[in-house]
Amino acid sequence: MSVLEVRQLTVDFAQRRGPKFRAVDEVSFELYAGETLALVGESGSGKSTIARAVSSLIRPSSGEILLNGKRAGTRGRRLREYRRAVQMVFQDPFASLNPAFSVGHHLRRPLQIYGHPREDLDIAVEGLLESVSLVPPTLMASKLPHELSGGQRQRVAIARALAPQPQIILADEPVSMLDVSIRLEILNLLDGLKRERDLALLYITHDLATARHFSTHIMVMYRGEIVERGLADDVILNPSHPYTQLLAGSAAGAIRSGRRQVTAPVERQAKKSNIALAELSETVSATGCRFRARCPHAMEICAERPVELSVGDPGHTAKCWLFDPKFRAKSTTTR
């Protein structure tokens with residue numbers, strides 16, 4: 001049984017003018033103990049909004065979240081227990097730590113809040129610091145955040161997330177703010193802790209290479225929707241949705257080994273773009289496939305919202321009409 005199940009999660013944000021903005025649109029997934037699920041996509045696709053909704057930092061507009069088969073609490077003791085079980089590691093380790101307080105303070109607070117014996121707090125803090133390789137622990141506990149490197153601060157943030165003894169860690173771009181030389185160390189640390197403590201890990205990233213290496217399954221997100229999902233190797237080495245192919249084409253240097261040739265029109269589109277994918281603009285329609293304005297395979301049927309269809313291996317699906325047998329042969333392009 002899954003540790004966490006998210007059903008039809010939807011998040012809307014009010015705007016000063018016009019209708020509400022839908023950041024997450026009916027997203028469903030499951031997290032399992034000892035496994036990593038990667039959520040990938042370009043900036044603005046809704047990845048961090050999912051993390052904040054699942055961690056109860058914001059309230060979903062609709063949908064359901066189940067922890068160990070029971071609906072997550074929204075207030076009182078049940079909410080407190082849910083927040084204990086689901087902890088988050090943020091993207092910016094400096095912004096997520098209070099610069100006025102020591103490392104020891106940041107680790108004692110969650111221990112105190114969740115009832116750790118006062119007489120054992122110092123021992124527990126030392127144990128947390130050792131678990132994330134911050135030694136000697138007594139010296140590290142006395143330091144302020146600005147006295148640490150970026151990698152050390154992120155290790156403190158990870159230790160703080162471990163303090164309540166959670167079942168689930170939500171890691172939102174945990175290495176994007178760090179030097180390239182230490183990113184692999186932090187990812188290996190998270191992977192090792194996941195195995196040692198049998199944690200379920202949601203790894204949010206735009207880096208397809210690390211998503212493939214550190215994850216069991218991958219979900220690809222575009223404009224608030226999951227457009228493709230499956231085993232990590234299936235999704236990265238054999239991308240099926242045109243958007244996933246575009247992402248794979250733009251990162252081909254990092255994941256080329258063993259990868260199937262990306263569809264030629266999509267490959268050319270990725271090579272022609274000299275700006276980040278996040279900076280590309282397109283018309284987003286309330287109906288139909290949201291990627292069709294950028295898709296080289298757009299058909300008339302794409303004006304209707306696609307359903308999730310199997311693309312080969314069990315569990316590998318994509319929201320694309322190309323995989324519906326009735327429309328596979330169609331080639332009419334409409335924009």
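Key figures
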{"item": "Residue satisfying all of: in the stretch 304-333; open to solvent by less than 50 Å² (accessible area, probe 1.4 Å) and over 13 Å from V227 (Cβ atoms); modelled with the highest pLDDT among these", "result": "D324"}
{"item": "Residues located in the stretch 1-47, provided they are open to solvent by 20 Å² or more (accessible area, probe 1.4 Å), at positive phi and among the small types (G, A, S)", "result": "G18, G34, G44"}
{"item": "Residue match in the stretch 172-195 (condition: within 11 Å of the chain's Cα centre (by Cα), crowded, with 18+ Cβ neighbours inside 10 Å and over 29 Å from R109 (Cα atoms))", "result": "no"}
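The values are calculated or read from the model by the stated rules, or taken from the named source; none is laboratory data. Not measured: the values here are computed from a predicted model. Neighbour counts are summed over all protein chains in view; Cβ atoms, including those assigned to glycine, are modelled from backbone coordinates with ideal geometry. Areas reflect the complete protein model, heavy atoms only, side chains present, ligands, DNA and RNA absent. Shrake-Rupley method; radii C 1.70, N 1.55, O 1.52, S 1.80 Å.
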